[in-house]
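> The structure's right below; bear with me while I get my questions together.
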């Protein structure tokens, strides 16, 4: 028997046969994620129903030094959950469900395979907000959200997934179960071990359960869109909102080429003239009067040149339609998209860097920029259809990521490193830090069985 | 030459002589912290002025396997920075100063020895709030705040120190300098290594610089005090505040014995009758009208029985004076104080547990309770003068910490473990988690030179 046959024999001996799927019986959704990176059928798919089963599976794989790829909803964009030939995939999809909502503590205890949307809905029914929100909400699982420290739409106000997690249960590579479940905000009892696993993309342990922090439901939200003379005014307007009304629920800055496409595709009349240097769409809590007063002052100081405040939910949806042009990128473009972050004060200068270099090396390129800015993130999309064949993907990656490194930015704001960004990690991480990451990997997974080839080479 | 003489000889050969202090020339403030735990003069005091010097010092000590105790402002309450005989103390006090305030990014870059109050003032002068705040603000240093993940007064709204840190520079035990400086909120480039060092109490590395997150200055704040029929009403009132006005800046729940002492010592008339089951003091942003309306509704539902809203800053200070009875505990009591946290829904039941057991085993005990509750923390103070000599300190520790463990609470909400709480850590941390903490310690500090004997035995 070869390695995988030996492992499989032991798994079959120890586990319920329904937990083990092989060959053609493995659903193709386990072959790749939303990035469509190199689809590969895993040798075996494991479907545990309990933490104890996860523990047994990992102990067996560790004994046989058999690589394991943990899988959630397969909605990642960095290839982090894509198997290599010979890998065993371990999907948490049968470990789904809400174990408890503790209204007094404002916490929810969930199994790792629970879908994000299920959690959002259960929180709302209990009178709370679970603020993590991303477009994959209907498919992604909380275990994957935690393992990748997902960002999304509400980071400006509520922080990353890391900030929503109070406790974890994690199975280590050797099968040890680490109970870090906790409902408390203040808890300084030794090293905060859960932090090691959040954002480690399944390379240090398999997350099986979590305690999530719930937030109060926000009050009335007003949606508005403004045109501004310059990037510095977008920073000023945000600071004024924070001081006078509170941090907005969303603050989306759009550069003109993005805005123009967004209006064109929206099918509605342009909410603001299309020839302005910058646009921002935001959602503000607080009263309509407070927002009107603030916008009047911002017009007075010149921070805002034009503004429209949605008078109805329908009008708010029409404003959002402009920003949601991103949803049609794949259908209408051949998009090469970058998930970047930069120190907030560097974002506009970075865009000028990029435009200058793209203009000189790739004349005719069509590139769009939008970002949440206050959480430091900027999305850059280049339409490969605007460039001659063969698409210069590697050269574009190098150009953009080198520019990011030059301004001390991050080559991955929220999607993670996975398989796709390993080769660009050095633009954002020093060699010493890479060494320490390898030491951590060696400590938690000395046989290197957990998601090998991901995050660190 | 013995070990320390060899180490000292090498240090003297490599370093500026002003960086090395020995024997009687060492100021007694380096002997212990605010807990007064076993004052000990370190063998040598090192006073680096640069990260490079810290690196050289640790490399030399690591080569000679010489224990090193990192020291900040010496305001800790768990003995975490107290030397043992034979230790070398490494104080960051000469590495103080603000390197940069980046108003666009809302960040501040500081050296580890910078005092918290200096940072708060500089933030305010730049139009921002640095929300970390504790009574030691005038003496404590940000490096120590980060190393202990300090909590304090503003956690309910802004989180722990961990939530205020965007980037770190850390010197590892072997002298390697880890540059994790970062100004971005969204940054998923591999493992978030800084999390390992925050709250590790100087046992995994020495923090030398940090990038801090700044917040918008809060608007007008209204101070109010209420009497409530029951603990459940205090949770209800908090949720109503969060939904209708926003998370308060402070929310201090006082049980009757605490309130009565606070009023007596304040020297003012009681703001509310002294015979109520529970009191809460809070600071709310938002308009006075919104607060009055909310309190009227809370009286209607019975969540609040009496309320007083401060009509002036002077009256607000008088209300706070009741809560600040804690400042006089040491002068007027012989206090045995506990820094605990519990799931928010368990706090009242925990107090009943404690009172029942204390009443039966220590009749005549005088015990006071107050807590911030929404951040899960509860302070318990027993006046040892109320009990016969010799003081049953060990029995009281066992009673309280066992009760904490029984309700899945934490034996250290915010002060850390240091030397004083090591023996109680098992009430809050599983054996498997302790093992992993030891593995982390072994990874970062294989010779065990960094703050040995602290946090983990």
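> Which order, highest average first, do A:202-212, A:65-75 follow once you tally other Cβ atoms within 10 Å for each residue and take the mean per peptide?
Values: A:202-212: 26.0, A:65-75: 24.0.
Result, highest mean first: A:202-212, A:65-75.
> Give the peptides B:430-440, B:177-187, B:317-327 in descending order of average Cβ contacts within 10 Å, highest first. Please report the intermediate quantities before stating the final value.
Values: B:430-440: 16.7, B:177-187: 22.5, B:317-327: 18.5.
The densest-packed peptide leads the list: B:177-187, B:317-327, B:430-440.
> Using only atoms on other chains, find how many Cβ atoms lie within 10 Å of each Cβ of peptide B:345-351 and report the average. Intermediate values should be presented prior to the final figure.
Values: counts 7, 5, 2, 1, 0, 0, 0.
Mean shielding by partner chains, rounded to a whole number: 2.
> Cα axis of helix B:116-125 to longest principal axis of chain B: angle in degrees, 0 to 90, nearest 10?
70 degrees
> Also, I was wondering about something else. State the extension gain, in nm to one decimal, for the chain segment bounded by residue B:308 and residue B:426, taking 0.36 nm per residue of separation less the distance between their alpha-carbons. Could the numbers behind the result be given before it?
Numbers: separation 118, 0.36 × 118 = 42.48 nm, distance 4.30 nm.
Length difference between fully extended and current span is 38.2 nm.
> Taking beta carbons within 10 Å but only from partner chains, what does the mean come to for residues B:429-437?
Numbers: counts 7, 5, 1, 8, 10, 2, 3, 12, 4.
Averaged over the peptide's residues, the number is 6.
> What is the distance in Å between the Cα centres of region A:389-424 and region A:159-223?
Going from one Cα centre to the other spans 28 Å.
> Stick to the Cα atoms of region A:286-373, pair each with every other, and give me the Kirkwood hydrodynamic radius in Å at one decimal. List each step's numbers first, then the result.
Numbers: mean 1/r = 0.0608 Å⁻¹.
It is 16.5 Å.
> Considering the zone a paramagnetic label at residue B:389 would reach in this model (a point 7 Å from Cα along the Cα-to-Cβ line), which residues of region B:316-336 have amide N under 16 Å from it?
Answer for region B:316-336: B:334-335.
> Taking the 0 to 90 degree range and rounding to the nearest ten, how far is the long axis of helix B:313-323 tilted relative to the main principal axis of chain B, both from C-alpha atoms?
On a 0 to 90 degree scale, this one is about 80.
> Same structure again: Debye calculation, C-alpha points only, no solvent: report log10 I(q)/I(0) for region A:333-415 at q = 0.12, 0.13, 0.19, 0.26 Å⁻¹, in the same order as the q values.
Reported log10 I(q)/I(0), two decimals: -0.31, -0.36, -0.77, -1.38.
> Let me understand region A:98-216 better: what is its radius of gyration from the alpha carbons, and its Dmax, in angstrom?
13.3, 40
> Over region A:221-326, what number does the Rg to Rh ratio reach, with both radii from the alpha-carbon atoms and Rh per Kirkwood? Walk me through the intermediate numbers first.
Values: Rg = 12.6 Å, Rh = 13.6 Å.
Over the Cα atoms of region A:221-326, Rg/Rh equals 0.93.
> Taking 8 Å as the Cα distance limit and 6 or more residues as the minimum spacing, I'd like the relative contact order of region A:365-432 as a percentage. Display every interim value, and only then the final one.
Details: 50 pairs, mean separation 14.7, N = 68.
The value is 22 percent.
> Sticking with this structure for a sec: Please rank B:301, B:109, fewest neighbouring Cβ atoms within 10 Å first, as an exposure proxy. Please list the in-between numbers first.
Values: B:301 11, B:109 19.
So the residues, fewest neighbours to most, are B:301, B:109.
> Looking at region A:283-441 from every direction and averaging, what is the projected area of its Cα convex hull in nm²?
On the way: hull surface 52.0 nm².
Averaging across all directions leaves 13.0 nm² for the Cα convex hull.
> Another question about this same structure. Under 1.5 on a/c is rounded, so check that first for chain B, then, if it is not, pick prolate when a/b is larger than b/c and oblate when it is not; a ≥ b ≥ c are the square roots of the alpha carbon gyration tensor eigenvalues.
Judged from the Cα gyration tensor, chain B comes out prolate (a/c at least 1.5, a/b above b/c).
> D for the protein assembly as shown, whole µm²/s, Stokes-Einstein with Kirkwood Rh over alpha-carbon pairs at 10 °C and 1.306 mPa s: what number? Intermediate results must be reported in sequence, preceding the final value.
Numbers: Rh = 29.2 Å.
D = 54 µm²/s.
> Per residue of A:217-227, how many C-beta atoms from partner chains lie within 10 Å of its own C-beta, taken as a mean? Can you show the working numbers first?
Numbers: counts 3, 3, 4, 0, 0, 0, 0, 0, 0, 0, 0.
For peptide A:217-227, the averaged partner shielding equals 1.
> Another question, then. If I fit a long axis through the Cα atoms of helix A:3-14 and take the longest principal axis of the Cα atoms of chain A, what angle between them do I get, 0 to 90°, rounded to 10?
Computed tilt is about 80 degrees.
> Sticking with this one: Taking 30 Å as R0, compute the FRET efficiency from the Cβ-Cβ separation of residue B:27 and residue B:6 and round it to 0.05. Mind showing how you got there, number by number?
Details: r = 25 Å, r/R0 = 0.84.
Result of the calculation: an efficiency of 0.75.
> Could you tell me how far the Cα centroid of region B:257-312 sits from the Cα centroid of region B:73-129, in Å?
Between the Cα centre of region B:73-129 and that of region B:257-312, the gap is 36 Å.
Readers should treat all values here as calculations from the given coordinates under stated rules, not as data from a laboratory. Quick caveat: nothing in here was measured; it's all calculated off a predicted structure. Note that each Cβ is placed from the backbone with ideal geometry, even for glycine, and that neighbours are counted across all protein chains shown.
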